[in-house]
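*Asks:* Dropping the structure in here first, questions after.
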Amino acid sequence: MAETIADGNTMVEDTEAPSPPPPPAAVSKNGRKAEGNSIFSWIFVLALLGAWTAVGVVWFDIVDYDTVVGTLVPYDIDGDGHLGLEDAKVLLGLKEKPVARETPPHTPVTDTSDEQDVRSDLRREAEPTVAKSEFVNTASSEQDSFNIDSTAADAGLSRLEQEFTPFDPIEDNFDSFPQEENPDTIDTTGELVVEYLPEETEDPRAPDSTQDMEGANPEPTAESAAEVTQDSTPVLPETTAQSAPQSPQDTTQSNTAEETPTEVTGKKKKPKMFNKFDKTIKSEIDTAEKLRKKGKAEEALRAFEGLVQKYPHSPRSRYGKAQSEDDVAEKLRSNDMLLKAVNSYKDAAELPDAPVALIKAALKRRADRQQFLGRMRGSLATLQLLVQTFPDDIALQNDLGVAYLLIGDNKAAKKVYEEVLVKAPSDGFAKVHYGFILKSENKIAESIPYLREGLESEAAGTDDGRFYFHLGDALQRVGDQSAYEWYERGHKRGHFASVWQRSLYNVNGLRAQPWWTAKETGYTDLVKTLERNWITIRDEALSVMNASSGLFVAEDENLREKGDWGQFTLWQQGRKVASSCRSVPKTCALLDRYPEATSCKRGQIKFSVMQPGTHVWPHTGPTNCRLRMHLGLVIPRDGCRIRCTDHTRGWEEGKVLIFDDSFEHEVWQDADSYRLIFIVDVWHPELSQTQRQTLSPI
């Protein structure tokens, strides 16, 4: 029924929805009216009511159809995508519900080899996880640094600074190792620091600690870098364990050796982490392990502690306890708890009848956690034990080589890699590290084939900006222009901001240009102060330079092709060198007013004198977090110049020249007398105050 309502000039049609017809009377087969209603009549009635109700609901927009249509799926008994007669029959009990055919779960085919069990286990569980360990040169900013970018710097706080307090590296009884320092370090540019992350993950760029394990390949995790924290011992990056931080939930999962099958030549295999006795209590262990997998670290720890108390000779129970302590340490950011885990891993490995896979996994994880806590020598001792126990495991030997590098023992590391390359001549991981050691020994030409072949192998752990950096540098020094091809590869891999800007320890998003003006930096007051007082600064520098005390120290960073270059440092990593400032008090008093320079933990303030006949190789600084000011003090008329990227400039007495030394630069001193300048590093102006306070020193 419809009626038209006139409202001025507007005609509105009001249409009523037709009423549903009355239900028909049930009729028997002989045409007579049936007594009562049959079940089929009701089905028909229900169908009609449903149809008209649906029309009303949709037409008048009573219910949002799209929001409810999905809720009807459970009533679609026959699975045909809509509610029909067959669905109604099943709902009314007139027909049995059809049984859906289930897809059989995948049953992995397993290999019964004990050794393969061990290798599969270690592929997942026992990877060292000192993440993005770095060589950070702290001696000078004009240096051949070997650093890894840390994108966490963008957030201001480093991962480590957010989560852990650096542990005092006092070794426990098991970690006894001679504490003497080896003067040979992997980089010749000064003291090095290493970065640690609290969680175990696997990095597609990290060296594979089980790379000889019959083609087993780990699942790479997403990377996120973190800032470094400084160790008192000059150390090298833990390149066997560059990995990304994970959430506690992710760590809980990745910290289980036996929970995820590892692919091995197309098959999936679980390692044998249970001895005969542990198999008899497997249900109890599995119950505790399920808690750990669900991220219930504290509950899992209590469960495993109960198992250890109940079954003190159960290796798997002790290993689960160690893993749970590891998880709780991450969750609570507790070094004390992590130390308990370190000791528990050792206890699990030392139990009688411990499975080979469990021993290997426990000791590798122990070595990794020791490295994270700064116990480099204790970690080295653990890895030495592993290599002695598993002498045919090339991956463990590679890890041991890196452990030697971490404590600065290049000679021992070199010997390890030589042994590896005898056993496995094509091992890419060993090649890049061996080539790197050769380059640190200034055996430039010899290092090139090892670095190049190691990178070309694309083996796990070789896709690292440091190796691209040093291969390119070595090629440049022998005059091979293919260096820039390798820099381009490194840039495309994401290791360098550009072919020119190759610093490895960066904060993303900062303005990047080789040359700057005082106005662009925002530090015009500092520049004016330096230029107005340049004679005072020069005179103090000359008094120190002419002194017989030998305060100027020769550059020892392996940056010079030839010549003499000395430096006298007043501030290093944001700390004043009091003894130096006593010799040049006026200069230091001037600088004390400018925290953008004196607090720059990623730079220095120093005098630099360069004698005639000196050439400094093309090189880049370690970080994009600073800008470098050069104040000319004594500048010969001709022969002194500096190139940054493809633009060359000279110094002027009493004038400040500003550039970003994270870009490639090169220096020539071909004058007849010395060149003296004053170097002042300042924070990049776009860094926030929080970042300036929390970035780690370089």
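*Asks:* Name the residues whose placed amide hydrogens come within less than 5 Å of the amide hydrogen of Arg502, ignoring near sequence neighbours (fewer than 5 apart) on the same chain.
*Replies:* Glu664
*Asks:* Accessible area per residue for the range 526-577 in Å², computed with a 1.4 Å probe and the full protein assembly in place, what is it?
*Replies:* Working: 2630 Å² over 52 residues.
Accessible area per residue, the range 526-577: 51 Å².
*Asks:* On a 26 Å Cα-Cα criterion, which of the cross-link pairs Lys443/Lys492; Lys364/Lys431; Lys270/Lys296; Lys272/Lys346; Lys340/Lys364 come out too long? If you can, show how the numbers build up before the last one.
*Replies:* Numbers: Lys443/Lys492 28 Å; Lys364/Lys431 22 Å; Lys270/Lys296 23 Å; Lys272/Lys346 18 Å; Lys340/Lys364 16 Å.
The answer is Lys443/Lys492.
*Asks:* In sequence order, what are the phi-derived ³J(HN,Hα) couplings for the range 440-455 according to the Karplus relation 6.51 cos²θ - 1.76 cosθ + 1.60 with θ = phi - 60°, rounded to whole Hz, with x for glycine and proline?
*Replies:* Using θ = phi - 60°, the values come out as 5, 8, 6, 8, 4, 4, 5, 6, 4, x, 5, 5, 5, 5, x, 5 Hz.
*Asks:* Non-local amide H neighbours of Arg602 (under 5 Å, H modeled in plane, Pro and chain starts lacking H): which ones?
*Replies:* Ile698
*Asks:* Give me the percent of Cα-Cα pairs in the range 351-479 that sit more than 17 Å apart, rounded to a whole number.
*Replies:* Working: 4887 of 8256 pairs.
In whole percent, the share of Cα-Cα pairs in the range 351-479 beyond 17 Å is 59.
*Asks:* Just list whichever of Lys439/Lys519; Lys414/Lys606; Lys519/Lys576 have alpha carbons separated by over 32 Å in the model shown.
*Replies:* Details: Lys439/Lys519 40 Å; Lys414/Lys606 35 Å; Lys519/Lys576 27 Å.
Beyond 32 Å between Cα atoms: Lys439/Lys519; Lys414/Lys606.
*Asks:* Would you mind telling me the share, in percent, of accessible area of the range 596-662 contributed by carbon and sulfur at probe 1.4 angstrom?
*Replies:* 41 percent
*Asks:* What does the extension gain come out to for Asn343 and Lys290, with contour length at 0.36 nm per residue minus their alpha carbon separation?
*Replies:* 16.8 nm
*Asks:* Counting only protein heavy atoms and a 1.4 Å probe, tell me what percentage of the range 332-486's accessible area is made up of carbon and sulfur. Each step should come with its number before you reach the end.
*Replies:* On the way: 2380 of 4890 Å².
Result for the range 332-486: 49 percent of the exposed heavy-atom area is carbon or sulfur.
*Asks:* Something else: Going by Cα centres, the range 521-561 and the range 652-674 are how many Å apart?
*Replies:* Cα centres, the range 521-561 to the range 652-674: 13 Å.
*Asks:* I'd like the distance between the alpha-carbon centres of the range 473-510 and the range 293-363, rounded to an integer number of Å.
*Replies:* Rounded to whole Å, the Cα centres lie 43 Å apart.
*Asks:* Compute the whole-percent fraction of alpha carbon pairs in the range 586-681 spaced more than 16 Å apart. Intermediate values should be presented prior to the final figure.
*Replies:* On the way: 2610 of 4560 pairs.
For the range 586-681, the share of Cα pairs beyond 16 Å comes to 57 percent.
*Asks:* I need the peptides 468-476, 521-529, 270-278 ranked by packing, meaning the mean over residues of other C-beta atoms within 10 angstrom, with the highest value on top.
*Replies:* Values: 468-476: 25.1, 521-529: 16.7, 270-278: 19.7.
Descending mean neighbour count gives 468-476, 270-278, 521-529.
*Asks:* Next question. With a 10 Å radius around each residue's Cβ, average the other Cβ atoms per peptide and rank 678-686, 619-627, 598-606, 279-287, highest first.
*Replies:* Values: 678-686: 22.0, 619-627: 27.0, 598-606: 24.1, 279-287: 13.8.
Ranked from most to least packed, the peptides come out as 619-627, 598-606, 678-686, 279-287.
*Asks:* Work out how far the C-alpha atoms of the range 309-367 reach from end to end along every principal axis, then list the three figures in whole Å, largest first.
*Replies:* Here the Cα extents, ordered largest to smallest, are 33, 26, 12 Å.
*Asks:* May I pose another question? Can you give the accessible area per residue of the range 606-659, in Å², using a 1.4 Å probe?
*Replies:* Working: 1670 Å² over 54 residues.
Roughly 31 Å² per residue, with all protein chains present.
*Asks:* Right, another one. Thinking of the range 459-592 as a set of Cα atoms, what percent of all their pairs are more than 27 Å apart?
*Replies:* Working: 4125 of 8911 pairs.
The answer is 46 percent, as a whole percent.
*Asks:* Heavy-atom accessible area per residue, the range 304-440, 1.4 Å probe: how many Å²?
*Replies:* Accessible area per residue: 29 Å².
*Asks:* So, one more: Can you tell me the relative contact order of the range 328-477? Whole percent, Cα pairs under 8 Å, sequence separation 6 or more. Each step should come with its number before you reach the end.
*Replies:* Working: 171 pairs, mean separation 18.1, N = 150.
Once divided by the residue count of the range 328-477, the mean separation gives 12 percent.
*Asks:* On to the next question. Given H placed 1.01 Å from N in the peptide plane, which residues other than close sequence neighbours of Trp617 have an amide H under 5 Å from its amide H?
*Replies:* Arg560, Glu561
The values are calculated or read from the model by the stated rules, or taken from the named source; none is laboratory data. Predicted, not measured: the structure shown is a model, and the values here were computed from it. Cβ sites come from the backbone with ideal geometry, for glycine too, and all protein chains shown count toward neighbours. Each accessible area value is taken on the protein alone, full model and side chains, heavy atoms only, with ligands, DNA and RNA left out. Shrake-Rupley method; radii C 1.70, N 1.55, O 1.52, S 1.80 Å.
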